[in-house]
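Asker: The structure's right below; bear with me while I get my questions together.
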2 protein chains.
Amino acid sequence: MLTSGGCPKNMLSIKDALEALEGKWKLLILFALSGGPKRFKQISAEVGGITDKVLSKELKALEANQLIRRQVYDTFPPTVEYAITPHGLSLEKVMEELHYWGLSHRKQIIGK
Amino acid sequence: MLTSGGCPKNMLSIKDALEALEGKWKLLILFALSGGPKRFKQISAEVGGITDKVLSKELKALEANQLIRRQVYDTFPPTVEYAITPHGLSLEKVMEELHYWGLSHRKQIIGK
């Protein structure tokens with residue numbers, strides 16, 4: 001199994017992943033966008049508990065890592081939407097495993 | 001697929017998981033311990049770049065979440081070891097998926 005021995009080479013790739021996904025918000029934002037492109041306020045409402053300043057910073061970091069794309073539509077006033085990229089969607093399995101683990105963790109610690 | 005629609009109920013379990021694993025160190029510490037029980041200095045060396053103060057704080061948080069166990073052996077001087085619990089080991093799939101994603105992310109962004 002992968003984790004046997006805690007191989008340093010595997011440690012590096014996990015470090016890379018954790019750096020790109022650092023903080024408690026990025027995966028939640030990606031998860032919200034996995035349902036389709038959304039506007040700033042929609043993301044904010046779905047994620048919940050995030051300030052506009054932090055969300056704005058997180059969106060920029062996600063864009064820099066090519067995990068989401070900012071789309072500006074030429075309407076009046078201009079419409080801005082954020083969409084998950086194929087690279088962002090490739091995190092689906094990570095999110096899935098985190099979801100299942102979160103369920104079992106809630107049972108274990110919080111007692112359902 | 002799980003992520004279609006970004007269902008709010010799934011969002012909650014992912015939030016639970018991210019809260020327990022918050023920060024850039026916890027999963028790396030668990031990964032180091034997945035190879036077997038280790039002493040403080042060994043963990044520090046394997047994880048790399050972590051200060052003693054932060055490592056100590058992270059170990060306490062992991063213990064509170066029942067992800068690791070602190071074992072004190074009655075030697076002289078006393079020996080302290082940290083071991084991953086079955087609940088901590090249940091994160092193996094999350095670590096595996098993060099590992100694979102980290103590899104693909106490095107190719108995508110850092111250019112191999």
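Asker: Please identify which residues in the range A:10-45 have an amide N closer than 14 Å to a label point set 7 Å out from the Cα of A:D52, following the Cα→Cβ vector.
Answerer: Under cut-off, by backbone N: A:40-45.
Asker: Under the rule of at least 5 residues apart or a separate chain, name every residue whose amide H is placed under 5 Å from the amide H of B:W25.
Answerer: none
Asker: Shortest first and in nm with one decimal, please list how far the B:E63 label point sits from its counterparts in the other copies (point 7 Å along Cα→Cβ).
Answerer: When each copy's label point is compared with this one, the spacings are 4.5 nm.
Asker: Can I ask one more? Residue by residue through the range B:92-108, which ³J(HN,Hα) values in whole Hz follow from phi under the Karplus form 6.51 cos²θ - 1.76 cosθ + 1.60 (θ = phi - 60°), with glycine and proline marked x?
Answerer: Calculated HN-Hα couplings, in order: 4, 5, 4, 5, 4, 5, 5, 4, 5, 5, x, 5, 6, 5, 4, 4, 5 Hz.
Asker: Then there's this: Can you run phi through the Karplus equation (6.51, -1.76, 1.60; θ = phi - 60°) for the range B:55-60 and list ³J(HN,Hα) in whole Hz, with x for Gly and Pro?
Answerer: Ordered by residue, 3J(HN,Hα) equals 4, 4, 5, 5, 4, 5 Hz.
Asker: Here's something else I'd like to know. Suppose we take every Cα in the range B:23-110 and form the convex hull; what volume per residue is that in Å³?
Answerer: Looking at the range B:23-110, the number lands at 103 Å³ per residue.
Asker: Among A:S34, A:S44, A:S13, whose mean-square fluctuation peaks in a Gaussian network model of chain A (Cα, cutoff 10 Å)?
Answerer: Answer for the Gaussian network model of chain A: A:S13.
Asker: Given C-alpha coordinates of the protein assembly as shown, what is the ratio Rg to Rh with the Kirkwood estimate of Rh?
Answerer: Values: Rg = 18.7 Å, Rh = 18.4 Å.
A ratio of 1.02.
Asker: What list of ³J(HN,Hα) couplings, whole Hz, do you get for the range A:21-34 from phi and the Karplus terms 6.51, -1.76, 1.60, once you set θ to phi - 60° and write x for glycine and proline?
Answerer: Calculated HN-Hα couplings, in order: 10, 3, x, 8, 9, 4, 5, 5, 5, 4, 5, 4, 7, 5 Hz.
Asker: Label-to-label distances across copies for A:G36, with labels 7 Å out along Cα→Cβ, in nm, shortest first?
Answerer: Between copies, matching label points for A:G36 lie 5.4 nm apart.
Asker: Just to be sure I follow the rule: in chain A, considering lysines 8 or more places apart or on different chains, how many pairs have Cα atoms under 22 Å apart?
Answerer: Within chain A, the lysine pair count is 28.
Asker: For the residue pair B:E19 and A:C7, what label-to-label distance in nm results when each label sits 7 Å from Cα along the Cα-to-beta-carbon direction?
Answerer: 3.5
Asker: Averaged over its residues, how many other protein chain Cβ atoms are within 10 Å of peptide A:16-29's Cβ atoms?
Answerer: 5
Asker: Based on the mean of other beta carbon atoms within 10 Å per residue, what is the order of A:17-26, B:77-86, most packed first? Write down the numbers at each step before the final one.
Answerer: Numbers: A:17-26: 19.1, B:77-86: 14.0.
Going from most to least packed, we get A:17-26, B:77-86.
Asker: While we're on this one: Placing the label point 7 Å from Cα along the Cα-to-Cβ direction, what are the distances from A:V80 to the equivalent spots in the other copies, shortest first, in nm to one decimal?
Answerer: Copy-to-copy label distances for A:V80: 4.8 nm.
Values quoted throughout were computed directly from the atomic coordinates according to the rules given, and no laboratory measurement underlies them. What you are looking at is a predicted structure, and each value in this text was computed from that prediction instead of being measured. Quick reminder, even Gly has a Cβ in these numbers, built from the backbone with ideal geometry, and neighbours come from all protein chains shown.
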